[in-house]
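Worksheet: the structure to be examined is printed underneath.
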Amino acid sequence: MLVVKQTGLNQKGCPRAAFFWWLPAALLVAGGVWAQDLRNAQTGLNKLALPNPALTPGAIDPSVTPQNLQSTVCVKGYTATVRPDKRETNRLKREQLRQYRYADRNPQNYEEDHLIPLNIGGDPHNPKNLWPQPRSGAWGADQKNDLEFVVYKMVCKGEIGLAEAQQRVARNWIEAYQAWVPSHQHYLPKGRREND
């Protein structure tokens, strides 16, 4: 039982104010819970935009190496030579929408995306490198496409190693975006730059 000792009724203010001693502490706790809920909500948004690492950890094409970059991925039109057929990716997208247990399973709302982009040596056909990425949302397909363009330029210009680029994109493409795209806006096509 909590006992609050009052020191006198002739003091200024409300004599029963001591009863509310817990209010500031409760507000601090509520604020902390609210902040944690906000972090969880933000993480929830990110979880929808990030592939499930158990299903899509990423996979690389072993034929792309640091030694042959300039004759493979850095050659204009390279990705068109390795990109899988739409029938293959559409079939996989429908299958993965079930595996991912998305509430919205309309295939039109997703892009079957290579986690490690083809233009930095991602495996074109391995399902472990493909996932149904939401087209809309704070971290949708447009942002991932911007990252792919920037990281491709960085790798081909020698600003970052192939293996590091592949690993960081596979681990968390949103963090890679935040680390590279804002400081490399000049690599983006016109119309996709922040100040365009």
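Say R0 is 30 Å: what FRET efficiency, to the nearest 0.05, do residue 99 and residue 65 get from their beta-carbon distance?
Between residue 99 and residue 65 the formula returns 0.45.
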Item to check | Extension gain, residue 52 back to residue 167 (0.36 nm per residue minus Cα-Cα distance, nm) | outcome: 39.9 nm
Next on the checklist: Strictly greater than 13 Å: what percent of every Cα pair in region 143-193 meets that?
Outcome noted: 51
Checklist entry - Counting only the backbone N, which residues of region 109-123 are under 20 Å from the spot 7 Å out from the Cα of residue 75 toward its beta-carbon? => result 117-123
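Residue 193 to residue 106: extension gain in nm, 0.36 nm per residue of separation minus the Cα-Cα distance?
Value of the extension gain: 28.3 nm.
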Checklist entry - What pairs from 76/157; 93/157; 86/128; 86/157; 93/153; 128/157 go past 23 Å between their alpha carbons? => result 93/157; 86/157; 93/153; 128/157
Checklist entry - Quick one: Debye curve from the C-alpha atoms of region 62-187, no solvent, what's log10 I(q)/I(0) at q = 0.15, 0.19, 0.20 Å⁻¹? => result -0.70, -1.09, -1.18
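Taken together, the values in this text are just the output of simple stated rules run on the coordinates, not laboratory data. Everything numeric here is computed off the predicted structure, so don't read it as measured data. Cβ: placed from backbone, ideal geometry, glycine included. Neighbour counts: every protein chain shown.
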